[in-house]
Amino acid sequence: MDYELVIIGAGVVGLAIAANLSKSKSVLVLERNPSFGMETSSRNSEVIHSGIYYPQNSLKARLCVESNKKIYAFLEKYNVPHRRIGKFIVASGKDEIPELERTFLNAKNNEVLGIQEFSSSKLKEIEPNVNCVAALWAPNTGILDSHSLMSALFSIAKEKGADFAFQHSFSKAEKKNNLFQIDIETKDNEKFSISSKFLINAAGLDCDTVASNCGIDCGKANYKLSYAKGHYFRIKASKNHLASHLIYPTPKKEFAGLGVHLTIDMAGGLKLGPDVQFLNNRTLDYSVPETKREEFFKVASTYLRGLEIEDLSPDQAGIRPKLQKQGEPTQDFIIQEESDKGLPGLINLIGIESPGLSSFLGIAKEVENIIYYL
Ligand SMILES: Cc1cc2nc3c(=O)[nH]c(=O)nc-3n(C[C@H](O)[C@H](O)[C@H](O)COP(=O)(O)OP(=O)(O)OC[C@H]3O[C@@H](n4cnc5c(N)ncnc54)[C@H](O)[C@@H]3O)c2cc1C
């Protein structure tokens with residue numbers, strides 16, 4: 001056996017699992033890119049969610065709430081820049097109040113720490129440019145620097161002895177004599193195989209392809225992904241005074257995202273996004289069309305005063321690995337050990353969209369627990 005555990009993917013999820021397990025196991029992380037975190041983990045809102053929206057007892061709710069209790073101590077300990085700035089969810093009209101109340105109840109059921117109702121008059125004192133008739137206040141929502149976080153996880157894993165193979169792509173795996181024989185291809189098209197007892201699929205946007213190349217029937221297992229792109233627009237720096245907290249609209253009942261919201265980055269800059277655009281193909285196109293500016297301006301103007309359309313310029317985009325197709329209800333994360341499909345020791349992490357960044361501690365612990373009981 002070459003390694004006890006091979007992880008496919010060095011995004012925040014693969015890195016967190018490596019950081020957690022490399023003290024007790026020999027670990028290799030395979031990553032097709034030249035470095036860690038070059039896909040979804042560096043193309044998101046960098047918001048530390050507190051677990052408000054997700055269905056009660058879902059993995060998303062449990063892992064996000066669990067992680068939120070521990071994440072700030074972790075970020076402190078490893079000097080990862082972050083701010084617990086809190087977020088307001090605002091109802092811009094009376095018609096949104098029932099959904100805001102439903103969101104509040106859901107957050108209470110999920111045991112989100114500190115969530116509270118907030119009157120519009122009280123909010124006006126804190127955020128005079130925000131337009132609302134009622135709001136929720138989530139004090140434990142925050143922001144972090146995702147690159148520094150991944151850098152910290154990478155260093156922890158390396159210090160504990162994990163090996164990283166960048167520009168090495170996983171091709172396929174087969175179970176032989178109780179071990180996975182894993183075929184790997186380098187960027188120079190060299191091919192070779194290694195063996196491992198456990199195989200963790202943390203391949204983000206390609207997790208379904210990887211699962212299928214391990215012998216899983218993704219159609220039958222419901223692992224097939226849809227891609228949903230999210231664009232961002234930056235607000236010009238002279239308007240940074242418009243808000244000092246994260247501002248989210250009230251979610252729509254069957255939401256595929258949380259609605260175009262206002263986020264603040266670690267440098268104090270304001271950003272709007274992400275929207276949700278389901279893609280017809282799996283090309284990783286991260287362009288942000290200028291033509292979307294008006295749509296973003298319109299949505300943001302429902303809850304933010306003082307914004308002008310010229311204040312917005314295209315920023316980044318990210319792509320969500322979604323288990324739901326367009327128009328379907330939102331799905332939970334899948335974290336599945338595959339003994340029942342004849343592949344003991346294979347753990348697939350499928351559909352790790354938001355709040356995957358916020359939940360990295362809980363996700364890594366979940367994988368550790370699965371391995372412990374095998
Ligand atoms: C627009 C947007 C906004 C978001 N906002 C937030 C937010 O504010 N807060 C939050 O908590 N979450 C947010 N998320 C979700 C969060 O970004 C993801 O849940 C998280 O980054 C997933 O991490 P990952 O490691 O699973 O995936 P990735 O970061 O995609 O990493 C997977 C890695 O696997 C590698 N890989 C794939 N196939 C292979 C192969 N065959 N061989 C080798 N390597 C391979 C890839 O190169 C990649 O590096 C957002 C996501 C998007 C798209």
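Multiply the residue gap between residue 370 and residue 57 by 0.36 nm, knock off their C-alpha separation, and tell me the result in nm, one decimal place.
110.9 nm
Taking the 0 to 90 degree range and rounding to the nearest ten, how far is the long axis of helix 12-21 tilted relative to the main principal axis of the chain, both from C-alpha atoms?
Approximately 50 degrees, to the nearest 10.
Evaluate E = 1/(1 + (r/R0)^6) for residue 126 and residue 285, where r is the Cβ-Cβ distance and R0 equals 56 Å; express this FRET efficiency to the nearest 0.05.
Working: r = 39 Å, r/R0 = 0.69.
FRET efficiency, residue 126 to residue 285: 0.90.
To one decimal place, what Kirkwood hydrodynamic radius in Å is obtained for the chain from all pairs of distinct Cα atoms?
In the chain this quantity evaluates to 21.3 Å.
Report, as a whole number in µm² per second, the diffusion coefficient that Stokes-Einstein gives for the stretch 221-272 at 20 °C and 1.002 mPa s using the Kirkwood radius over alpha carbon pairs.
Details: Rh = 13.1 Å.
It diffuses with D of about 164 µm²/s by this estimate.
Please identify every one of the GluC sites (Glu not before Pro) in the stretch 305-374 that sits in a loop by DSSP and has no more than 14 other beta carbons within 10 Å of its own beta carbon. Kindly include the intermediate steps, with their values, before the conclusion.
Details: sites: 308, 310, 337, 338, 353, 366, 368; in loops: 308, 353.
Taking the stretch 305-374 and a limit of 14 other Cβ atoms within 10 Å, the loop GluC sites (Glu not before Pro) found are 308.
Amide H neighbours of residue 250 under 5 Å, counting only residues 5+ apart in sequence or on other chains, H built in-plane at 1.01 Å?
90, 92
Quick check: Cα centre of the stretch 316-342 to Cα centre of the stretch 152-181, how many Å?
23
Test of the criteria: in the stretch 232-303, which trypsin sites (Lys or Arg not before Pro) are in a DSSP loop and have at most 11 other Cβ atoms within 10 angstrom of their Cβ?
Here the sparse-neighbourhood loop sites are 253.
If I model a spin label at residue 308 and residue 237 as a point 7 Å from the Cα along the Cα→Cβ vector, what separation in nanometres do I get?
Each label point lies 7 Å from its Cα, and together they span 1.9 nm.
Please give the residues of the stretch 143-179, grouped as numeric ranges, whose backbone N is less than 15 Å from a label point set 7 Å along the Cα-to-Cβ vector of residue 195.
174-179
Express in nm, to one decimal, how much length is gained between residue 177 and residue 217 on full extension, taking 0.36 nm for each residue of separation and deducting their alpha carbon distance.
Extra length from residue 177 to residue 217 when fully extended: 12.2 nm.
For every helix of n ≥ 4 consecutive DSSP H residues, a contribution of -39,500 (n - 2.57) applies; sum these over the chain, divide by its total residues, and give [θ] at 222 nm rounded to the nearest 500 deg cm²/dmol.
After summing the helix terms and dividing by the residues of the chain, the value is -7500 deg cm²/dmol.
Can you give me the Cα centroid spacing of the stretch 1-25 and the stretch 223-253 in angstrom?
What the calculation gives is 32 Å, centre to centre.
Among the DSSP beta bridges whose two residues both lie in the chain, what percent are antiparallel, rounded to the nearest 5?
Counting DSSP beta bridges with both partners in the chain, the antiparallel share is about 70 percent.
Taking neighbour counts of Cβ atoms within 10 Å as a proxy for exposure, in what order, fewest first, do 332, 206 appear?
332, 206
Stick to the Cα atoms of the stretch 246-304, pair each with every other, and give me the Kirkwood hydrodynamic radius in Å at one decimal.
Computed over Cα pairs of the stretch 246-304, the Kirkwood hydrodynamic radius comes out at 13.0 Å.
Filter 176/341; 172/197; 69/365; 172/325; 70/271; 60/365 down to the pairs with a C-alpha to C-alpha distance above 19 Å, please.
172/325; 70/271
Which of the peptides 18-25, 56-63 is most tightly packed, and how do the rest follow, going by the mean number of other Cβ atoms within 10 Å of each residue? Let's see the in-between values first.
On the way: 18-25: 21.0, 56-63: 19.1.
Averaged packing, sorted descending, gives the order 18-25, 56-63.
Measure off 7 Å from each Cα along the Cα-to-Cβ vector at residue 224 and residue 160, then give the distance between these two points in nanometres to one decimal.
3.7
Please find the FRET efficiency linking residue 105 to residue 33, where r is the Cβ-Cβ separation and R0 is fixed at 45 Å, and quote it to the nearest 0.05.
Calculated transfer efficiency: 0.60.
Taking R0 as 51 Å, what's the FRET efficiency between residue 186 and residue 83 from their Cβ-Cβ distance, rounded to 0.05?
Efficiency for this residue pair is about 0.80.
Any read-out appearing in this document is the output of simple, stated calculations on the displayed coordinates, not a laboratory observation. Note that the coordinates shown come from a computational prediction; the quantities given were computed from them, not determined experimentally. Neighbour counts are summed over all protein chains in view; Cβ atoms, including those assigned to glycine, are modelled from backbone coordinates with ideal geometry.
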